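Encoded as structure tokens, the structure appears first; notes follow it.
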Amino acid sequence: MPTVAEIKQAAITAIEERKEEVIGIAKTILQNPETGFTEQKTARLVQQRFQQMGIPFQSALAITGVKGMVQGKAGPGPTVAVIGELDSLRVLEHPFHDDVTGAAHACGHHCQVANMLGAMVGLMAPGVINHLSGRIAPVAVPAEEFIEVERRMRLREEGKLEFMGGKQEFIKLGVFDDVDMAMITHTSAEAFKLGIGGTSNGHVVKFVQFTGRGAHAGGAPHMGINALNAAMIALTSINANRETFRDQDTVRVHGILTRGGDAVSAVPSNVTLEWRVRSGNLNALVSNSGKVDRCFKAGAMAVGAQVSITNIPGYLPMRNNAVMQEVYLRNAKELVGDGSVLVRPATHNGGGSTDMGDLAQIMPLIHPYCGGATGTGHGADYVIQDYDTAVIAPAKAMAMTVIDLLANGAQKAKEIKSNDKAPMTKEQYLRFQRDRAEVVRYDGAKA
Ligand SMILES: [Zn+2]
Ligand SMILES: [Zn+2]
């Protein structure tokens, strides 16, 4: 019977031997970026790799998702998911953008799929899987970046989705029903090799449509109702509310104008926006979302336009399981050295959002980070410089962590599973999110 340290060494050796191949996966995905729910090529690549590794899988989950399932050979036990995200962003100025779609990996998710597969290279080695109890589920999830809301609303109308984030939809579909705990590693441009800790914002997503009345912008503007002016007043009203946002709620309210009018010679009659309200706790989220709705109504009221606000359930705040985090930290320090590991306090909120937060409401998980990138996340200059740090180190650290959880009869995983206090059941989660979904209509002409 090998020791846990020997099992970990077997995993590290296996990953090291196939390092160039694993990094090659990340580089292939970088060259083929696909936004959420369109990740057909990336999903096919994951399926081919699962096939080569002898991992049974299900595909086309929430359109493009892939879920593998591997049985440890040392007996039954809990199931640990190792997750990667398939999707890219849209950044037209990014050096590796797709000319047709504008898709670009400006958030490093190409490395996440590769580090998930890299971890599996280590865990599938005979000197590893033979000594693990329970199961490992490598999962490639679509659509973490909450973008292209109008396109996703069409998918919802066609009955292909209910939720617009991949893990949200996976939860609803029951893909995580047989998973007990999870992990994912995301890239970062900060000066550490591996990091963990902190939380993230919850958010509500809004598709807003102002409807006015078109008219000749020169000859008869008095006959029109200017929907762009309504939107402009709404945005000024939102800014007037910023002084009411509390620092401790880490509020971010932002968005884009997706349609500002159709011809410069006509009073704009149809104006649309995608908007985002983020807050660090659910009470603030619900309250601030209501304030922003009020502002959109104010814009409509001022000029006598109509507004329709489609509120869409966004993501919930992240929660790292403290015991899993400790296990991960020990491995990260052993792998890259204490000085290259960053630990953030659980209360540190980076301001962004992730649907790992949704999963964290119903099960224990960790969301570590790996370095290796430079530039600004979601910016045109966000690129991976050091693939060893962005792909290989996290693959090894996750494999080592899974080994700690599932070796020795999966004792650690069992302990985490029975002690974790998830804030919600799956049913409570779905109810909370479905309560966020509503269409608010307001006729400013009748005010
Ligand atoms: Zn991102
Ligand atoms: Zn990301």
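The values are calculated or read from the model by the stated rules, or taken from the named source; none is laboratory data. Not measured: the values here are computed from a predicted model. For neighbour counting, all protein chains shown are included, and Cβ atoms are generated from backbone atoms with ideal geometry for every residue, glycine included.
With the condition kept exactly as written, say whether any residue in the stretch 411-428 is under 30 Å from Ile23 (Cα atoms) and of a type in the set (Val, Ile, Thr).
No, because not a single residue in the stretch 411-428 is under 30 Å from Ile23 (Cα atoms) and of a type in the set (Val, Ile, Thr).
Would you tally the residues in the stretch 105-144 being of a type outside the set (A, V, I, L, M) and away from ligand 1 (no atom under 16 Å from the Cβ)?
The number of residues fulfilling the criteria is 10.
Can you name every residue in the stretch 130-161 that is under 30 Å from Glu6 (Cβ atoms) and of a type in the set (Lys, Arg)?
If the condition is that a residue be under 30 Å from Glu6 (Cβ atoms) and of a type in the set (Lys, Arg), then Arg135 is the only one that fits.
Has the stretch 224-236 got any residue that is farther than 26 Å from Ile309 by Cβ and among the hydroxyl-bearing types (Ser, Thr, Tyr)?
Looking for residues that are farther than 26 Å from Ile309 by Cβ and among the hydroxyl-bearing types (Ser, Thr, Tyr), one finds none in the stretch 224-236, hence no.
Of these, Val175, Val139, which one is among the aliphatic types (A, V, I, L, M), out of contact with any Cys (no Cβ under 6 Å at 6 or more places or on another chain) and surrounded by 24 or more Cβ atoms within 10 Å (Cβ to Cβ)?
The unique qualifying residue is Val139.
Evaluate the following for Gly65: is it more than 16 Å from ligand 1 (Cβ to nearest atom), small (Gly, Ala, Ser) and surrounded by fewer than 20 Cβ atoms within 10 Å (Cβ to Cβ)?
no
Kindly check whether there is at least one residue in the stretch 161-171 that is within 16 Å of ligand 1 (Cβ to nearest atom), within 24 Å of Gly68 (Cβ to Cβ) and part of a loop (DSSP other than H, G, I, E, B).
There is at least one residue in the stretch 161-171 that is within 16 Å of ligand 1 (Cβ to nearest atom), within 24 Å of Gly68 (Cβ to Cβ) and part of a loop (DSSP other than H, G, I, E, B).
Can you work out which of the residues in the stretch 254-265 that are small (Gly, Ala, Ser) and crowded, with 16+ Cβ neighbours inside 10 Å is nearest to the chain's Cα centre (by Cα)?
Out of the qualifying residues, it is Gly255.
Which of the following residues is touching a Phe, Trp or Tyr at 6+ places or on another chain (Cβ under 7 Å) and in the same structural domain as Thr35 (by TED's automatic domain parsing): Thr374, Thr354?
Checking each option against the conditions leaves just Thr354.
Which condition from (1) within 16 Å of ligand 1 (Cβ to nearest atom); (2) closer than 19 Å to Asp386 by Cα is the one that Asp87 breaks?
Going through (1) within 16 Å of ligand 1 (Cβ to nearest atom); (2) closer than 19 Å to Asp386 by Cα one by one, Asp87 breaks only (2).
Here is a list: Ala5, Ala74. Which entry is more than 24 Å from the chain's Cα centre (by Cα) and not in a loop (DSSP other than H, G, I, E, B)?
The match here is Ala5.
From the list Gly290, Gly299, Gly337, which residue is modelled with pLDDT of 95 or more and closer than 27 Å to Tyr369 by Cα?
Exactly one residue qualifies, and that residue is Gly337.
Take Pro368 and tell me if it is over 19 Å from Ile29 (Cα atoms) and more than 16 Å from ligand 2 (Cβ to nearest atom).
no
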